[in-house]
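Participant: Quick one: the structure is below, and I'll ask about it shortly.
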Amino acid sequence: MSAHRSTDTALATRFRTERVCAVNHEFFFDTREGQLMGPYASREEALQGVQDYIRQCQARQSR
């Protein structure tokens, strides 16, 4: 998968991976920056957390 963010200096090939993982019955998601976000009580809550995180990042970029 090819992707280019406005902050990237060169084109790069990025591969999709599963962003949500479970550790000891708690759910987390990974960011592109390498942060592990969570814990969340369910996979669905973690997926909602991904969407919230993306919206926050987009809002920061538009300032």
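The values are calculated or read from the model by the stated rules, or taken from the named source; none is laboratory data. The structure presented is a predicted model; accordingly, all values stated were derived computationally and were not measured. Virtual Cβ from ideal backbone geometry, glycine too; neighbours counted across all protein chains shown. Calculation scope for accessible area: heavy atoms of the full protein, side chains included, ligands and nucleic acids excluded. Shrake-Rupley method; radii C 1.70, N 1.55, O 1.52, S 1.80 Å.
Participant: Just to make sure I understand: if all protein chains stay in place, what is the order of 33, 26 by accessible area at 1.4 Å, largest first?
Facilitator: Largest accessible area first, the list is 33, 26.
Participant: Right, next: By the scheme Lys and Arg +1, Asp and Glu -1, what is the net charge of all other residues having a beta-carbon under 14 Å from that of residue 56?
Facilitator: +2
Participant: Efficiency by 1/(1 + (r/R0)^6): what FRET value for residue 62 and residue 26, r their Cβ-Cβ distance, R0 = 35 Å, to the nearest 0.05?
Facilitator: 0.65
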